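J.: Dropping a structure here in structure tokens format, bear with me for questions.
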Amino acid sequence: MTRLLHTRRQAFALFAASWSWLPRQALAAEPYRGVAAIYPDIGEPFRGVFTKMIEGIEDQLGAPVHTFAVGSSGAQDLVADLRRQNVRVVVALGRNGLKAATSLEPPVPIVAGGVLSVPESDALQTLTIHSLAPDPALLFAQLKRLTPGVRRIMVVHDPKQNAWLMKLARDAARGHDLDITVHEAADLQSAIRYYQDTFASADPRHDALWLPQDSTTVDDSAVLPLVLQESWNRGFAVFSSSVAHVKRGALFSLFPDNLELGRSLGRSVQQALSSTGRMVRGVIPLKEVLVAVNVRTANHLGIPLTGRQQSFDLVFPEP
């Protein structure tokens with residue numbers, strides 16, 4: 001009889017504990033129910049990228065978010081839909097998502113992701129933008145791991161697109177005991193001239209060329225073949241902020257871990273909804289990264305990768 005009573009008390013205690021736990025979990029998720037994610041209405045595989053980001057956001061918040069797919073023309077009924085869902089923070093994904101979110105009246109706090117950057121005129125001070133441009137500090141750390149002899153990084157960029165990134169790059173270079181030579185080019189012709197000067201002066205033992213994501217200076221049809229051919233002939237390393245360049249012959253790149261990026265977006269949402277409301281403003285470089293490497297290029301440059309390939313998330317040429 002005593003044993004039976006003890007068993008019943010245990011069962012009641014477990015029930016009571018589970019009953020008290022459920023409301024707390026529900027209350028913990030409740031502040032995050034007024035969150036919406038706006039993303040471009042596009043097909044696969046790009047749609048899957050945004051879906052994975054949203055999955056990360058929901059995982060971080062512990063609650064589902066309202067999702068709205070918008071076309072290039074925006075969403076005329078978006079304001080009414082958001083008001084109906086009592087949305088308090090918008091996560092804007094991709095260019096179209098950001099365009100739609102910034103046109104809302106009255107405005108709501110915006111956390112943006114899935115974009116490289118925004119023009120200076122787009123009220124950077126009021127937005128939190130998680131860029132797809134990899135953090136230069138992470139790029140340079142990976143470069144040093146693969147090519148410890150490198151002493152100088154050379155880069156050509158359009159300041160209208162990447163001035164903010166070059167500020168971070170200069171600090172990152174100092175942190176890794178590297179020199180960095182930055183050339184500004186406003187058009188393709190100027191960019192090619194800087195690349196030609198770079199090839200003429202590059203020391204293959206100590207120099208490396210960085211290709212940022214820049215539509216002016218890193219043209220895939222004119223610049224990329226020239227850069228990759230010269231680097232192959234002269235034997236110096238080219239690394240990139242675009243994973244597509246690794247497939248074509250760049251040594252390595254960093255690319256987004258979309259689930260982790262979503263969790264980071266979720267943390268920014270939590271900051272926006274906190275009692276202090278202290279959001280990080282401006283552009284945040286991509287820190288949630290995976291590593292792609294080209295083993296053929298590494299072999300050509302004499303970089304040993306044997307036993308290290310398990311540390312790479314994507315390998316080219318594909319087996």
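J.: For region 291-319, give me each residue that is under 24 Å from D207 (Cα atoms), assigned to a strand (DSSP E or B) and of a type outside the set (F, W, Y).
T.: Listed by number, the residues that qualify are V291, A292, V293, N294, V315.
J.: Separate question: Report the residue count in region 275-298 for those that are polar (S, T, N, Q) and either modelled with pLDDT of 95 or more or surrounded by 14 or more Cβ atoms within 10 Å (Cβ to Cβ) (or both).
T.: Here the count works out to 2.
J.: Are any residues in region 89-103 out of contact with any Asp or Glu (no Cβ under 9 Å at 6 or more places or on another chain) and either assigned to a helix (DSSP H, G or I) or without any contact (Cβ under 8 Å) to a residue 12 or more places away in the chain (or both), and if so, which ones?
T.: Residues satisfying the conditions are G94, R95, G97, K99, A100, A101.
J.: Something else now. Does D187 qualify as being on the phi > 0 side of the Ramachandran plot and either at pLDDT 95 or above or among the aliphatic types (A, V, I, L, M) (or both)?
T.: Criteria not met by D187.
J.: Moving to a separate point now. Could you check how many residues of region 165-212 are touching a residue at least 60 places away in the same chain (Cβ under 8 Å) and surrounded by fewer than 18 Cβ atoms within 10 Å (Cβ to Cβ)? Quick ask: steps written out before the conclusion?
T.: Of all residues in region 165-212, those touching a residue at least 60 places away in the same chain (Cβ under 8 Å) come to 165, 168, 208, 210, 212.
With the extra rule that they be surrounded by fewer than 18 Cβ atoms within 10 Å (Cβ to Cβ), the set shrinks to 168.
Residues in region 165-212 being touching a residue at least 60 places away in the same chain (Cβ under 8 Å) and surrounded by fewer than 18 Cβ atoms within 10 Å (Cβ to Cβ): 1 in total.
J.: Can I ask one more? When V155 is evaluated against the numbered criteria (1) touching a residue at least 40 places away in the same chain (Cβ under 8 Å); (2) over 15 Å from S240 (Cα atoms); (3) more than 17 Å from the chain's Cα centre (by Cα), which criterion, by number, is the only one it fails?
T.: Status for V155: all satisfied but (2).
J.: What number of residues in region 173-187 are basic (K, R) and touching a helix residue (DSSP H, G or I) at 6+ places or on another chain (Cβ under 7 Å)? Working first, answer last.
T.: Here is the first cut: in region 173-187, the ones basic (K, R) are 174.
Checking the rest, the ones that are also touching a helix residue (DSSP H, G or I) at 6+ places or on another chain (Cβ under 7 Å) come to none.
Within region 173-187, residues that are basic (K, R) and touching a helix residue (DSSP H, G or I) at 6+ places or on another chain (Cβ under 7 Å) number 0.
J.: Filter region 192-232 down to the residues that are of a type in the set (A, V, I, L, M, F, W, C) and over 25 Å from the mean Cα position of the chain (by Cα) and list them by number.
T.: Scanning region 192-232 gives I192, F199, A200, A202, A222, L226, W232.
J.: Which one is modelled with the lowest pLDDT, of the residues in region 66-84 that are surrounded by fewer than 15 Cβ atoms within 10 Å (Cβ to Cβ) and part of a loop (DSSP other than H, G, I, E, B)?
T.: S73
J.: Can you name the number of the only condition in (1) buried (at least 20 other Cβ atoms within 10 Å of the Cβ); (2) in a strand (DSSP E or B) that L224 fails?
T.: (2)
The values are calculated or read from the model by the stated rules, or taken from the named source; none is laboratory data. As the structure is a computational prediction, the values presented were derived from the model and not from experiment. Cβ sites come from the backbone with ideal geometry, for glycine too, and all protein chains shown count toward neighbours.
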